[in-house]
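A.B. asks: Dumping the structure here so I can ask a few things about it.
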């Protein structure tokens, strides 16, 4: 795994590599590939995500998303990444370090999604293993948090395999698929 560059500019985000994957900040030019993968994976993702806005897959909505991402990177609030399979440079999913908190906690929350055709092939494990040293190194975070639905066996296995420890149940944590649902909370510390 190699750290390629870290630029805090609003135009360019960090780029990271992991085992067979490249993580980089989303760009306007990713729209067509992103929209196609999200549409193709809609039924697969729906049980695990908030309800999508009706214009979610439009070019205008994507432009707003990219502007928000750039502002969040610039303001050290979040670090969104698209995950590309190196072989063929194909978009396979996304991973975001969000809710970056400085001061006494130095923490962030990890969220992720994988396109249905690429699920279960190790891409998310590679991406998560690439983001951890970046979070604890250049970003100087101390704690990474993640949460998943109690019946999401794939996500639980992923987090445990990547060194996250189960911390307990958070009742009604996130509105998923239109209703507030409990989540199992996980965390990993810099010294783990």
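The values are calculated or read from the model by the stated rules, or taken from the named source; none is laboratory data. Since the structure is predicted, the reported quantities are computational estimates derived from the model, not experimental observations. Heads up, the Cβs are rebuilt from the backbone with ideal geometry, glycines too, and the neighbour counts pull from every protein chain shown.
The rows are residues; the columns are (1) touching a residue at least 40 places away in the same chain (Cβ under 8 Å); (2) under 19 Å from residue 76 (Cα atoms).
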{"residue": "103", "(1), (2)": "no, yes"}
{"residue": "107", "(1), (2)": "no, yes"}
{"residue": "111", "(1), (2)": "no, yes"}
{"residue": "119", "(1), (2)": "yes, no"}
{"residue": "127", "(1), (2)": "yes, no"}
{"residue": "134", "(1), (2)": "yes, yes"}
{"residue": "137", "(1), (2)": "yes, yes"}
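A.B. asks: So if I check each of 95, 141, which one is farther than 20 Å from residue 48 by Cα and touching a helix residue (DSSP H, G or I) at 6+ places or on another chain (Cβ under 6 Å)?
C.D. replies: One residue alone meets the criteria, 141.
A.B. asks: Hey, can you tell me all the residues within the stretch 41-55 that are assigned to a helix (DSSP H, G or I) and either touching a strand residue (DSSP E or B) at 6+ places or on another chain (Cβ under 7 Å) or surrounded by fewer than 13 Cβ atoms within 10 Å (Cβ to Cβ) (or both)?
C.D. replies: Scanning the stretch 41-55 gives 43, 45, 47, 48.
A.B. asks: Here's a follow-up. Might you check whether a residue that is touching a helix residue (DSSP H, G or I) at 6+ places or on another chain (Cβ under 6 Å), at pLDDT 95 or above, part of a loop (DSSP other than H, G, I, E, B) and farther than 24 Å from residue 130 by Cβ occurs anywhere in the stretch 56-77?
C.D. replies: yes
A.B. asks: For the stretch 145-152, check the following and say yes or no: at least one residue is closer than 30 Å to residue 53 by Cβ and touching a helix residue (DSSP H, G or I) at 6+ places or on another chain (Cβ under 6 Å).
C.D. replies: Checking the stretch 145-152: at least one residue is closer than 30 Å to residue 53 by Cβ and touching a helix residue (DSSP H, G or I) at 6+ places or on another chain (Cβ under 6 Å).
A.B. asks: Residues that are surrounded by 19 or more Cβ atoms within 10 Å (Cβ to Cβ), at pLDDT 95 or above and touching a strand residue (DSSP E or B) at 6+ places or on another chain (Cβ under 8 Å): which strands (runs of 3 or more DSSP E) entirely in the stretch 78-192 hold 3 or more of them?
C.D. replies: Passing ranges, in order: 79-85, 90-101, 107-114, 143-148, 179-189.
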